[in-house]
Amino acid sequence: MTPQQPPMPPKFALPGVKHVLAVASGKGGVGKSTVAANLAMALHMYGQRVGLMDADIYGPSVPIMFGLGTVDQTKTPFPIVKQGLKLMSMGFLVEPSQAVIWRGPKVAQAVGTFLAQVDWGELDFLVIDLPPGTGDAQLTLSQQAPLTGAIVVTQPQDVSLIDARKGVSMFSEVKVPVLGIVENMSYFVGDDGKRYELFRAGGGRKLAAEIGVPLLAELPIDPRVAECGDTGEPIVSRYPDAPVSLAYIELGKTVVNTMLQQPAPKGLPEVQL
Ligand SMILES: Nc1ncnc2c1ncn2[C@@H]1O[C@H](COP(=O)(O)OP(=O)(O)O)[C@@H](O)[C@H]1O
Ligand SMILES: [Mg+2]
């Protein structure tokens, strides 16, 4: 007798959205939300129409990263447009402390609502900040959302890489192409201009080669990343000349070029860079 498979969750259609991109990580704290927000911003800088959906119901960070908080649901049309991006997050609806008590099915329902009932309109990219980890909740979300690609964020050290590997296998299980790995906090450039590798160097590169996906970016540590994350404007727009911002802009270009090679759903105009 084969073990009973859980029922497949319904897949939501997003007919106006060309590319739905998940940003995932094997564990929390690696910079997934920061990457999702700055990537969304970088895509916008390339003239793309971009939405950013915060699917991290327990630890929403889109509101704080964009200088927002809870809003009056009866008066606010969703998604909220800020800095040129269309944003949706559980953090607009409830204080983060309240969401913690929710159970899995309610979380899936909330994310389903974001996908089905939020008027995303026409977008070139919808970036989804997935909850950290590779458990059932993440798997369900990856099945519910009509994902066209995924990016896995990791840090250079071994423990993060093990988790990142799990993230990559989760997407292959649900047949979502992994565009590549983003290694965050790869190095630090000192005042002396020297590059310091605080964790073990080259982990992301090794992992990417082993799995056979591209290493999309190696992002340096910059204290201004955290400062910007806490004060409402992603670093890529506040300090566009910072080395980490340049790396994000390059990442945006790679993502646009990669996704343009994939056919867009019918009925939408091609976007030229
Ligand atoms: N490259 C970086 N340099 C410095 N701080 C960073 C960098 N990337 C992320 N951070 C900071 O690390 C913390 C965790 O990042 P976050 O994006 O919230 O992680 P996650 O979503 O994976 O839990 C945040 O305070 C963020 O501002
Ligand atoms: Mg996060």
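Between L87 and L52, I80, V81, K82, the built amide H atoms are under 5 Å apart, and every one of these is 5 or more places off in sequence or on another chain. Report the local net charge at G67: Lys and Arg +1, Asp and Glu -1, summed over other residues whose C-beta lies under 12 Å from its C-beta. Value of the local net charge: 0.
Fully extended, how many nm does the chain gain between T70 and I162 (0.36 nm per residue separation, minus their Cα-Cα distance)?
Details: separation 92, 0.36 × 92 = 33.12 nm, distance 3.56 nm.
Working it through step by step, the gained length comes to 29.6 nm.
Pairs of Lys residues in the stretch 12-126, spaced 8 or more positions apart or belonging to different chains, with C-alpha separations under 24 angstrom: 10 in total.
For a distance above 27 Å, tell me the whole-number percent of Cα pairs in the chain that qualify. Here the long-distance tail beyond 27 Å is 35 percent of all Cα pairs in the chain.
Straight-line cross-link partners of K175 among the lysines, defined as a Cα under 16 Å from its Cα and at least 8 positions apart when in the same chain: K11, K166.
For the stretch 25-94, rounded, prolate or oblate, judged on the Cα gyration tensor with a ≥ b ≥ c (square roots of eigenvalues), a/c < 1.5 rounded, else prolate if a/b > b/c? Here the stretch 25-94 falls in the oblate category. In a fully extended conformation the segment linking T254 and D230 would gain 5.9 nm over its present Cα-Cα distance, using 0.36 nm per residue.
For the chain, what is the mean residue ellipticity at 222 nm derived from helices alone (per DSSP H run of n ≥ 4: -39500 (n - 2.57); sum divided by total residues; nearest 500 deg cm²/dmol)?
Numbers: 10 runs with 100 residues, N = 273.
Per the formula, -11000 deg cm²/dmol.
Annotation: the antiparallel percentage among DSSP beta bridges lying fully within the chain is about 15. Taking 0.36 nm per residue of sequence separation and removing the Cα-Cα distance, the A209/Y58 pair yields an extension gain of 51.1 nm. If you place +1 on the Cβ of every Lys and Arg, -1 on the Cβ of every Asp and Glu, and leave all else neutral, what size is the dipole of the chain about its Cα centre, to the nearest 20 Debye? Dipole of the chain, to the nearest 20 debye: 580 debye.
What does the charge add up to near E250, with Lys and Arg as +1, Asp and Glu as -1, over the other residues with Cβ less than 14 Å from its Cβ?
Working: positive: K253; negative: E183, E218, D241.
Around E250, the surrounding residues sum to -2.
A cut-off under 15 angstrom between Cβ atoms defines the neighbours of M170, and their net charge, with Lys, Arg +1 and Asp, Glu -1, is +2.
Every number in this text was worked out from the coordinates using simple rules, so none of it is lab data. Every value quoted in this text rests on a predicted model; they were computed, and no experiment measured them. Note that we place each Cβ from the backbone using ideal geometry, even for glycine, and neighbour counts take in every protein chain shown.
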